[in-house]
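This report refers to the structure that appears directly beneath it.
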Amino acid sequence: MSAEHFYHQCCEHINNAVEITCHDGTVHRGIIHSVDRENVYLRPFDGFDGGGYDGPGIFAFGFPGAFAGGFTGGLLGVGLGSIFGFRRFGYGGFY
């Protein structure tokens, strides 16, 4: 599916828990904070998860490979072009 498709799907799910799978197999789970034409920004459930956050199509606000939680509130940017799959994710707690 195209980045345009995932852009619209992400826009419809702002403030919802989702699971995003990237082409490289990396899986991100979190709540969609915002979306622009190139990236979707998540509030990850467990902070930056084990690897993949500085890979192709993924960045953390200009700090590749660095923890940016203190500066950005823990947001994770995922490139729309790197998304392979997208689904709502059941999360029973409050965020």
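The values are calculated or read from the model by the stated rules, or taken from the named source; none is laboratory data. Just so it is clear, the model here is predicted, and its values are computed rather than measured. No Cβ is skipped: glycine too gets one built from the backbone with ideal geometry, and neighbour counts run over all protein chains shown.
If the condition is being within 12 Å of Phe45 (Cβ to Cβ) and free of Cβ contacts under 8 Å to residues at least 40 places away in the same chain, then region 19-34 contributes only Val27. Condition check for Gln9 on (1) under 21 Å from Gly74 (Cα atoms); (2) part of a helix (DSSP H, G or I): one failure, at (1). Each residue in region 21-48 was checked for being within 16 Å of Gly74 (Cβ to Cβ) and either more than 12 Å from the chain's Cα centre (by Cα) or among the hydrophobic types (A, V, I, L, M, F, W, C) (or both), and 7 pass. Of all the numbered requirements in (1) of a type outside the set (Gly, Ala, Ser); (2) modelled with pLDDT of 90 or more; (3) touching a Gly at 6+ places or on another chain (Cβ under 7 Å), Phe61 misses one, and that requirement is (2).
Gly90 falls short on exactly one of the conditions (1) under 19 Å from Ala3 (Cβ atoms); (2) modelled with pLDDT of 50 or more, and that condition is (1).
Could you tell me whether Arg37 is within 19 Å of Phe89 (Cβ to Cβ), among the basic types (Lys, Arg) and at pLDDT 90 or above? Answer is no for this residue.
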